[in-house]
C-alpha cells in the first residue's frame, strides 16, 4: 500500500514511484491504491492541483476545456463561475483525501538513474529506489517560446506568466499562437487593450461541432509510436466556435494575420515591409514535455521523441509516461493513468 511521510530525506525502497500529482498522476495512483500496491507519489507543487494551480485568475471553470472526472469521484462544482485555479485544486485535494493517496510534496526530482534491476530516483528530499516508474510531470513547467530574429523593447510574457487582462489596459498587444488559450486570452485582452493583433503560423480552423477527442488522441499517438516528438492533443482538435468566439469574430477581434518575420524595438515586422507597433507580446505558443529528469536514462530516439507502446517506454519497460503525447490533456489522462497502473502491476507480478 502507499506510504506517506516515510523516509523523506533518506533512502527509501518502494515498488512504484509516480512523479507528478496532476490528472494523469492521480489517475495512476488511484489504480495502484485500489490494488494495494506499495507506491509513493512525488509532487513538486506546494499543494494539490498540478498545473491548474497556475492558471490565470480570470479563467473560470465554465470557460475551461472540459474538466474530466478523476476515477471514482465526480467533478461537480457548486459555482462554475469561480476561477479554475481555485476549484480544480480543491477537487484534486478532495480526491487525494478520499482515496488516501500517498503524495509527498514539495519534492523536486533531480534525476532518475539506472540501478539495474531497479531505478534510483534522486530528489531534493532524498532518494527513492523503485522497481517501476510512472512519470506524470506534464508540460506546464516547460513553456515554449519560439525564437525570432531581432529585439523588442516592450514586455514579453508567455501564457504561463499571464495573470489577467488588467496589465494590458491601454496597451497595444500582439498575441502569438493558434490554440484555444490564445483565443481565450485575446478575447479578454481586447476588451481593455488599445489594440490587439492576432498572429499564427497556420490559418486557424474553427468548428461548430464538439471535437472528436478519441480521434485527436489517436493522431498524436501515431507520432509517439514512431518515435517523433508528440505535439499537443489540442493542436489537432481545432478551435470550438463558442458564443464568445462568434461575438469576437463579428467584432473583428479574431482577424488573424500570418506570424511576423522578426522583432523590432517598437514591435514586430514582416519581410514585405509591414510593421506593427506594440507594447506587449504574449506568447501563447504552448509547452514541451517536462522530461529533463529522465535524461540520464537516454530514452530519446533519433526522431527526437521517446518510442512508446501505449504508456510504456519501449526502450525501458520499467517506465511508463502519462501526461505525455496522447495523454497530455484531460482527454486521455485518466485512461492513460489507469492503463499505466494496471500494466506496471502486471509486470511486477510477472517478474516477482
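The values are calculated or read from the model by the stated rules, or taken from the named source; none is laboratory data. This one's a predicted model, so the numbers in the text were calculated from it and none came from an experiment. So basically every Cβ, Gly included, is an ideal-geometry build from the backbone, and we count neighbours across all protein chains shown.
Selection of segment 240-285 for residues being without any contact (Cβ under 8 Å) to a residue 40 or more places away in the chain, more than 13 Å from residue 197 (Cβ to Cβ) and assigned to a loop (DSSP other than H, G, I, E, B) yields 241, 242, 271, 272, 273. Here residue 294 fulfils each of the conditions (1) assigned by TED's automatic domain parsing to the domain that holds residue 325; (2) in contact (Cβ under 8 Å) with a residue 60 or more places away in the chain; (3) surrounded by fewer than 19 Cβ atoms within 10 Å (Cβ to Cβ) apart from (3). The lone criterion from (1) touching a helix residue (DSSP H, G or I) at 6+ places or on another chain (Cβ under 8 Å); (2) over 25 Å from residue 342 (Cα atoms); (3) at pLDDT 95 or above left unmet by residue 19 is number (2). Scanning segment 99-124 for residues that are over 24 Å from the mean Cα position of the chain (by Cα) and closer than 18 Å to residue 25 by Cα returns a single hit, 100. Filtered by the rule that a residue be out of contact with any helix residue (DSSP H, G or I) (no Cβ under 7 Å at 6 or more places or on another chain), under 26 Å from residue 181 (Cβ atoms) and touching a residue at least 40 places away in the same chain (Cβ under 8 Å), segment 109-152 gives 137, 139, 141, 142, 144, 145, 146, 148, 149, 150, 151, 152.
Looking at 163, 147, which one is at pLDDT 95 or above, surrounded by fewer than 18 Cβ atoms within 10 Å (Cβ to Cβ) and not assigned by TED's automatic domain parsing to the domain that holds residue 313? I'd like the intermediate steps shown before the answer.
Numbers: 163 fails: at pLDDT 95 or above.
Only one candidate qualifies: 147.
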